[in-house]
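S.K.: One structure follows; several queries about it will come next.
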Amino acid sequence: MGLTIAEKIIKNHLVSGEMVKGTEISLKIDQTLTQDATGTMAYLEFETMGLKRVKTERSVAYIDHNTLQCGFENADDHRYIQTVAKKHGIYFSRPGNGICHQVHLERFGKPGKTLIGSDSHTPTGGGIGMLAFGAGGLDVAVAMGGGAYYITMPKMYKVNLTGKLSPFVTAKDVSLEILRILSVKGGVGAIIEWGGEGVKTLSVPERATITNMGTELGATTSIFPSDEITREFLKAQGREEDYIPLASDEDAVYDKIIDINLSELNPLIACPHSPDNVVEVSSLKGVKVNQVCVGSCTNSSLQDLLKVAALLKGKKISEDVSMSVSPGSKQVLQMLSKCGALGDIIASGARILECACGPCIGMGFSPNSAGVSLRTFNRNFLGRSGTKDAGVYLVSPETAVAAAIFGEITDPRLLGKEAVIEMPTKFDIDDSAVIAPASEQDAENLEVLRGPNIKPFPATKPLENKLSVAVGLKVGDNITTDHIMPAGAKILPYRSNIPFLSKFCFSVVDEKYSERALELKESVIIGGDNYGQGSSREHAALVPLYLGVKAVIAKSFARIHVANLINAGIIPLTFKSASDYDEIAQGDVLELENLFEGFEKGVITLTDKTNGKSYELACSFTDRQIKILKAGGLLAFTKEAN
């Protein structure tokens with residue numbers, strides 16, 4: 001029986017376990033990346049482990065999230081990350097050099113290598129044939145120290161592409177189509193491989209858009225073959241030596257195969273407030289638009305922005321629309337400037353933002369109240385833009401331009417002639433904004449600089465065999481990490497200060513929650529389906545840890561969040577019967593006995609002392625995960641192991 005692309009890479013990196021679906025495996029990690037919203041905590045965790053030097057082939061710290069400096073907090077975090085990177089063997093990508101996924105694709109990613117990053121869109125690297133995973137910062141810290149990365153051996157899905165994209169239909173529309181087919185939880189537990197003859201028609205930036213958006217499916221990761229198109233991309237980046245061919249075997253076996261004919265696709269749009277709420281753009285014709293944003297790690301490549309510039313050339317955006325453009329990297333911005341495309345964008349009336357995540361995480365450029373914002377981003381969760389009552393839609397760059405010009409949602413095919421662009425065969429190479437680490441000898445004398453906003457990792461303690469706790473909060477389905485721990489310009493500067501950050505926990509859902517949780521001292525959260533979807537931010541586990549959350553009981557969980565909860569020492573449990581969710585109320589006092597025996601059996605009995613009923617909860621923990629939970633989290637477990 002042949003192997004898929006992912007199975008081949010897994011086989012070459014397997015540290016423990018067997019490639020049996022549903023069982024735990026661990027992988028050797030070649031590369032890591034962090035960004036500044038999650039990186040500070042990851043490096044604090046790395047330092048706590050007492051390790052002197054990273055042991056990966058390449059680890060890179062990017063500054064791309066918290067670049068709006070309204071006080072000292074973000075600048076202090078950047079200084080801390082730069083100094084800790086210099087000392088411990090990590091490359092440091094300075095503010096302004098670009099978005100981690102775009103820069104890593106351009107300058108560091110290699111086909112056939114493994115990558116984990118403390119950002120959920122790390123699977124972007126699958127666009128050049130990397131096995132790239134989003135993970136919590138603690139998992140990244142362990143990998144930097146030479147430890148293995150643990151996952152459940154995934155199922156293998158294949159999307160078989162045929163045909164060719166029509167004018168004004170894009171890779172973003174392919175991403176939205178697969179979301180329409182599978183939903184935001186349709187990829188849970190699976191790696192999605194993209195194949196078929198249609199793959200040969202897609203450039204690396206287009207492939208990277210698709211693997212980036214695979215995160216919104218809940219997939220473990222997504223991956224494309226490494227072929228001649230990959231080679232040409234790497235050659236243009238001056239990195240042809242990093243190329244290796246990668247393809248699945250002809251007799252590879254998949255758990256699911258989905259066929260998409262690229263020729264049959266039309267421009268698509270995801271409506272508020274979920275990436276899978278997808279309809280055809282033409283069905284929303286005439287909806288007035290207030291704001292348009294082009295960029296983010298999904299659609300900020302040179303190819304994307306050259307098309308935007310060509311479509312805007314000689315035109316003006318509507319007087320009723322405010323438009324921003326965020327290039328994905330310094331390389332993209334420089335090349336746009338040199339060829340004149342940047343001038344065409346500026347002349348249209350669009351505003352140029354720096355090479356950073358920006359509006360995607362609510363870091364500036366929030367819409368007006370009750371505004372309609374069309375964005376080429378990957379998420380449109382409620383409140384993520386920074387404006388709670390805004391209607392945020394996800395679109396391709398072409399659809400974004402059409403809305404900006406006409407002032408309303410418009411099928412981009414009404415723009416007329418397709419933008420014809422010519423991609424360079426050689427990119428401008430300037431890595432001066434990536435600072436190399438000091439030598440191991442020189443690092444001995446370097447000081448790591450910490451500002452007053454940087455606080456230690458929350459205190460943990462070993463788990464007891466019995467819990468008697470109240471329900472501090474009950475929430476519904478599809479709770480995202482943005483609900484649990486919001487982003488945005490007002491909150492992100494405190495990512496390294498868990499006590500202060502805790503004030504905003506679940507504030508989108510219940511403004512009184514944080515105060516109530518502190519009063520309870522210890523509590524549990526009740527959730528619905530797909531709890532914890534979205535960003536990989538471990539703060540959505542660390543802040544509840546600080547607030548005394550001992551367990552989360554839900555109908556089902558998103559993959560990364562389960563790992564983050566276990567790493568934090570919080571027990572993720574699921575209802576054996578989904579209807580039991582309806583019977584437990586916020587404020588009820590729950591008792592869970594014989595936890596350790598239940599971990600082994602996979603079943604734990606919950607007694608609701610308030611309503612007098614008992615319920616069965618399911619769990620499926622590996623021996624390693626049980627030890628982590630008993631120790632009080634991964635950091636405590638790692639210290640014990642060492």
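S.K.: Please specify each residue of region 259-298 satisfying the condition of being more than 28 Å from D477 (Cβ to Cβ) and either assigned to a loop (DSSP other than H, G, I, E, B) or among the basic types (K, R) (or both).
M.R.: Selection gives L265, N266, P267, K285, G286, K288, V289, N290, G295.
S.K.: Mind checking which residues of region 341-360 are out of contact with any strand residue (DSSP E or B) (no Cβ under 6 Å at 6 or more places or on another chain), in a helix (DSSP H, G or I) and under 24 Å from G383 (Cα atoms)?
M.R.: G358, C360
S.K.: Based on this model, can you work out whether V169 counts as more than 26 Å from Q625 (Cβ to Cβ) and outside any loop (DSSP other than H, G, I, E, B)?
M.R.: Taking the combined requirement at face value, the residue does not satisfy it.
S.K.: Moving on. Please verify whether region 425-437 includes one or more residues that are at positive phi, buried (at least 16 other Cβ atoms within 10 Å of the Cβ) and either out of contact with any Leu (no Cβ under 8 Å at 6 or more places or on another chain) or assigned by TED's automatic domain parsing to the domain that holds V204 (or both).
M.R.: no
S.K.: Shifting gears a bit: I'd like the residue in region 599-632 that is polar (S, T, N, Q) and in a loop (DSSP other than H, G, I, E, B) and, out of all such residues, is farthest from V524 (Cα to Cα).
M.R.: By that ranking, first place goes to T622.
S.K.: Still on this structure: Which residue is surrounded by the most Cβ atoms within 10 Å (Cβ to Cβ), if the candidates are limited to region 384-401 and must be over 18 Å from L265 (Cα atoms) and of a type in the set (G, A, S)?
M.R.: Within region 384-401, the match that is surrounded by the most Cβ atoms within 10 Å (Cβ to Cβ) is S385.
S.K.: Report yes if F506 is surrounded by 22 or more Cβ atoms within 10 Å (Cβ to Cβ), aromatic (F, W, Y) and either outside the structural domain of F575 (by TED's automatic domain parsing) or out of contact with any Pro (no Cβ under 7 Å at 6 or more places or on another chain) (or both), otherwise no.
M.R.: Working: surrounded by 22 or more Cβ atoms within 10 Å (Cβ to Cβ): yes; aromatic (F, W, Y): yes; either outside the structural domain of F575 (by TED's automatic domain parsing) or out of contact with any Pro (no Cβ under 7 Å at 6 or more places or on another chain) (or both): yes.
Criteria met by F506.
S.K.: Within region 464-492, track down each residue that is surrounded by fewer than 22 Cβ atoms within 10 Å (Cβ to Cβ) and closer than 21 Å to A568 by Cβ.
M.R.: Quick first cut of region 464-492, residues surrounded by fewer than 22 Cβ atoms within 10 Å (Cβ to Cβ) only: 464-471, 474-477, 488-491.
Within region 464-492, E464, N465, K466, L467, S468, V469, A470, V471, K474, V475, I491 qualify.
One line per residue, one yes/no per condition, for (1) over 23 Å from the mean Cα position of the chain (by Cα); (2) among the hydrophobic types (A, V, I, L, M, F, W, C):
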residue: I5; (1), (2): no, yes
residue: T23; (1), (2): yes, no
residue: Q31; (1), (2): no, no
residue: H65; (1), (2): no, no
residue: G71; (1), (2): yes, no
residue: I81; (1), (2): no, yes
residue: V84; (1), (2): yes, yes
residue: S93; (1), (2): no, no
residue: C100; (1), (2): no, yes
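S.K.: Further question on the same structure: Of K158, K164, which residue is over 22 Å from I5 (Cα atoms), at pLDDT 95 or above and basic (K, R)?
M.R.: Numbers: K158 fails: over 22 Å from I5 (Cα atoms).
So the residue among K158, K164 that is over 22 Å from I5 (Cα atoms), at pLDDT 95 or above and basic (K, R) is K164.
S.K.: Could you check, for region 143-151, whether at least one of its residues is crowded, with 22+ Cβ neighbours inside 10 Å, out of contact with any strand residue (DSSP E or B) (no Cβ under 7 Å at 6 or more places or on another chain) and among the hydrophobic types (A, V, I, L, M, F, W, C)?
M.R.: Among the residues of region 143-151, not one is crowded, with 22+ Cβ neighbours inside 10 Å, out of contact with any strand residue (DSSP E or B) (no Cβ under 7 Å at 6 or more places or on another chain) and among the hydrophobic types (A, V, I, L, M, F, W, C), which makes the answer no.
S.K.: Go over the candidates F596, F500 one by one and state the one that is touching a residue at least 60 places away in the same chain (Cβ under 8 Å), assigned to a helix (DSSP H, G or I) and either assigned by TED's automatic domain parsing to the domain that holds K388 or more than 21 Å from E216 (Cβ to Cβ) (or both).
M.R.: Result: F596 is the single residue among F596, F500 that is touching a residue at least 60 places away in the same chain (Cβ under 8 Å), assigned to a helix (DSSP H, G or I) and either assigned by TED's automatic domain parsing to the domain that holds K388 or more than 21 Å from E216 (Cβ to Cβ) (or both).
S.K.: Return yes or no: is P544 of a type outside the set (V, I, T), assigned to a helix (DSSP H, G or I) and under 29 Å from K455 (Cα atoms)?
M.R.: Here the answer is yes, as P544 does meet what is asked.
S.K.: Within the group V174, V140, V184, V159, which residue is outside any helix (DSSP H, G or I) and buried (at least 24 other Cβ atoms within 10 Å of the Cβ)?
M.R.: V159
S.K.: Only one residue in K550, K639, K555 is in contact with a Gly (Cβ under 6 Å, 6 or more places away or on another chain) and of a type in the set (K, R). Which one?
M.R.: K555
S.K.: Could you tell me which numbered condition A370 fails, if it satisfies all but one of (1) of a type in the set (A, V, I, L, M, F, W, C); (2) crowded, with 18+ Cβ neighbours inside 10 Å; (3) on the phi > 0 side of the Ramachandran plot; (4) at pLDDT 95 or above?
M.R.: (2)
S.K.: Among N453, N445, which is the only one that is over 30 Å from D304 (Cβ atoms), among the polar types (S, T, N, Q) and surrounded by fewer than 13 Cβ atoms within 10 Å (Cβ to Cβ)?
M.R.: Within the list N453, N445, the selection yields N445.
S.K.: Report, by residue number, each residue of region 239-249 that is exposed (fewer than 14 other Cβ atoms within 10 Å of the Cβ) and either at pLDDT below 95 or under 13 Å from F108 (Cα atoms) (or both).
M.R.: E240, E241
S.K.: Looking only at region 117-132, decide whether some residue is outside the structural domain of G532 (by TED's automatic domain parsing), outside any loop (DSSP other than H, G, I, E, B), among the polar types (S, T, N, Q) and over 19 Å from C297 (Cα atoms).
M.R.: No, region 117-132 contains no residue that is outside the structural domain of G532 (by TED's automatic domain parsing), outside any loop (DSSP other than H, G, I, E, B), among the polar types (S, T, N, Q) and over 19 Å from C297 (Cα atoms).
S.K.: When you go through E206, E216, E228 one by one, which is the residue that is in the same structural domain as D119 (by TED's automatic domain parsing), out of contact with any Cys (no Cβ under 6 Å at 6 or more places or on another chain) and free of Cβ contacts under 8 Å to residues at least 40 places away in the same chain?
M.R.: Numbers: E206 fails: free of Cβ contacts under 8 Å to residues at least 40 places away in the same chain; E216 fails: free of Cβ contacts under 8 Å to residues at least 40 places away in the same chain.
Step by step, each of E206, E216, E228 is checked, and only E228 is in the same structural domain as D119 (by TED's automatic domain parsing), out of contact with any Cys (no Cβ under 6 Å at 6 or more places or on another chain) and free of Cβ contacts under 8 Å to residues at least 40 places away in the same chain.
S.K.: Yes or no: K86 in contact with a Pro (Cβ under 7 Å, 6 or more places away or on another chain), surrounded by fewer than 24 Cβ atoms within 10 Å (Cβ to Cβ) and in the same structural domain as I181 (by TED's automatic domain parsing)?
M.R.: Yes; evaluated as a whole, the condition is true for this residue.
Table: residues versus (1) surrounded by 22 or more Cβ atoms within 10 Å (Cβ to Cβ); (2) touching a strand residue (DSSP E or B) at 6+ places or on another chain (Cβ under 8 Å); (3) among the charged types (D, E, K, R).
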| residue | (1), (2), (3) |
| --- | --- |
| I63 | yes, yes, no |
| D76 | no, no, yes |
| Y91 | no, yes, no |
| V103 | yes, yes, no |
| P123 | yes, yes, no |
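S.K.: Next question, about the same structure. From the residues in region 475-496 that are assigned to a loop (DSSP other than H, G, I, E, B) and in contact with a helix residue (DSSP H, G or I) (Cβ under 8 Å, 6 or more places away or on another chain), which one is farthest from P544 (Cα to Cα)?
M.R.: Filtering region 475-496 for residues that are assigned to a loop (DSSP other than H, G, I, E, B) and in contact with a helix residue (DSSP H, G or I) (Cβ under 8 Å, 6 or more places away or on another chain), the one farthest from P544 (Cα to Cα) comes out as G488.
S.K.: Kindly evaluate V401 against the criterion of being of a type in the set (V, I, T), assigned to a strand (DSSP E or B) and under 27 Å from the mean Cα position of the chain (by Cα). Before the answer, list the steps.
M.R.: On the way: of a type in the set (V, I, T): yes; assigned to a strand (DSSP E or B): no; under 27 Å from the mean Cα position of the chain (by Cα): yes.
Spelling it out, it is not the case that V401 is of a type in the set (V, I, T), assigned to a strand (DSSP E or B) and under 27 Å from the mean Cα position of the chain (by Cα).
S.K.: Across region 587-621, which residue is nearest to R516 (Cα to Cα) among those that are within 30 Å of the chain's Cα centre (by Cα) and not aromatic (F, W, Y)?
M.R.: L617
The values are calculated or read from the model by the stated rules, or taken from the named source; none is laboratory data. Owing to the predicted nature of the structure, the values given are computational and were not obtained by experimental measurement. Positions of Cβ are backbone-derived with ideal geometry, glycine not excepted, and every protein chain shown enters the neighbour counts.
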